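Written below as structure tokens is the structure these notes are about.
Please treat every number below as a calculation from the coordinates, not as lab data. Since the structure is predicted, the reported quantities are computational estimates derived from the model, not experimental observations. As a convention, Cβ positions derive from the backbone with ideal geometry for all residues, glycine included, and neighbour counts pool all protein chains shown.
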Amino acid sequence: MRSYFNITTFSILIGMMGASACHSGKKDAPGKAGGPKQISVDAVVLVPKNLQNFVNATGTLLSNESVNVMPEISGKVTGIFFKEGQPVKQGELLVKIQDSDIRAQIQKLEATKKLNQTTLDRQKQLLDINGISRQEYDVTLSQIQTTEADIAYYKAQLIKTEIRAPFNGVAGLRQISLGAVISPSTLVTTIQQNNPLKLEFSVPEKYRDIARLNAVVRFSTSGSLDTFQAKVYAIDGLIDPATRTVKVRALFDNKGSKVFPGSFANVYFNMDATSDAIMVPSQAIIPGTRDKKVCVVSGGKANFKVVETGTRTEQEVQILSGVSAGDTIATTGILQLKQDMPVKIKKISSTN
């Protein structure tokens, strides 16, 4: 009985050791574990295609002319002659400031001048017969000239008691009331010239030469379903060092007040069409701190290449350099891939 138990136990141990050896042999088989893991991806084959290039930007509509109306002198408001939100014409009287004290001063000076002039005429007759010295005559003449200068000064002050519209436009909200005492720091109202309007927007530095004078740009606003056209009339000579963009202004004929200053504008303008553009899906671009890359699948392995990008569409990005037509680009699983890692393409399509 004891001998049978020992033999059976020994047989079981031998069997377990054999199974363990077989299992160990399978695990260490070449080409399985221990080698690089293969990743399955979707990919596209790059095919040149026509691309109607355009640059998209955001902008703001500005009044062609805009001014905060403020008085040049202090005084009491005796008349308000404009209506809020209504058109005003250049030179039209908007506000009148009390001027009685200035007019009284002018009358006083004119009376003084008249008296001095009479004295000067008499002195001229006496001077001709050497009845007075030349110095006396010159003193009276100087007094007349000083009085004339004072009269001119107060007449200029008198003009400043009338606040007039500097150009044709639309008056804003009234900020003063009749009888108020105002000063040069008091805001009376604003005037906006809304036809034409200025469209101001910024474009990337690399498109500086594309935004040419007289180029036509298109834009839309959130308050309208229509698309409008404006013509570029000015380009800033300075590139903003913070954003690397340049400001551009275009003029829009706003007859009928279709849009209003201050509105947000979606701006785009066409560039030259490209007949052999290389486009890749947006998700295939791997952004980096210094450059951008794509994963080219070649010979069953991943090969990362630095690329230069150009125009963007809703789903694709133009590649200017780094890859060429016929290359196969991975579009999925790219974050799991590493250089020279085995790749299996499970689905492939074309960019055409």
Using Cα springs under 10 Å in a Gaussian network model of the chain, which residue among 229, 339, 143 shows the largest mean-square fluctuation? 143
Return the lysines within reach of residue 198: Cα separation strictly under 28 angstrom, same-chain partners fewer than 8 residues apart disregarded; answer none if there are no such residues. 83, 89, 206, 231, 247, 255, 258
How tilted is helix 2-27 with respect to the longest principal axis of the chain? Cα atoms for both, answer in degrees (0 to 90, nearest 10). 40
With mean projected area of the Cα convex hull in nm² as the read-out, I listed (1) 18.9; (2) 40.6; (3) 21.2; which label goes with the value calculated from this structure? (2)
Gap separating the Cα centres of segment 223-247 and segment 76-110, nearest whole Å: 40
Where the only charges are on Cβ atoms (+1 Lys, Arg; -1 Asp, Glu), what is the dipole of the chain about its Cα centre, to the nearest 20 debye? 1660
Could you tell me the calculated FRET efficiency between residue 148 and residue 90, based on Cβ-Cβ distance and R0 = 41 angstrom, to the nearest 0.05? 0.85
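Given N residues in segment 193-352, what is Rg(Cα) / (2.2 N^0.38 Å)?
1.37
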Can you pull the one-decimal nm distance between simple spin-label points at residue 308 and residue 344, each 7 Å off the Cα toward Cβ? 3.9
I'd like the FRET efficiency for residue 37 and residue 298, computed as 1/(1 + (r/R0)^6) with the beta carbon distance as r and R0 of 22 Å, rounded to 0.05. 0.75
Given a Förster radius of 56 Å and the C-beta distance between residue 54 and residue 81 as r, what FRET efficiency does 1/(1 + (r/R0)^6) yield to the nearest 0.05? 0.70
Highest GNM mean-square fluctuation, the chain, Cα pairs closer than 10 Å: which of 106, 182, 163? 106
Pick from 263, 202, 321: which residue has the top mean-square fluctuation in a GNM of the chain where Cα pairs under 10 Å get a spring? 321
Could you let me know the centre-to-centre spacing of segment 115-151 and segment 324-352, using Cα atoms, in angstrom? 102
Given charges at Cβ of Lys, Arg, Asp, Glu: the chain dipole, positive-most of 264, 81, 152: 264
Between the helical axis of 134-159 and the dominant principal axis of the chain, each derived from Cα atoms, what acute angle in degrees is found, rounded to the nearest 10? 50
Run down the aspartates and glutamates and flag those whose C-alpha is under 15 Å from the C-alpha of residue 108, throwing out any fewer than 8 positions away in its chain. 99, 148, 150
Segment 99-160: mean projected area of Cα convex hull, nm²: 3.9
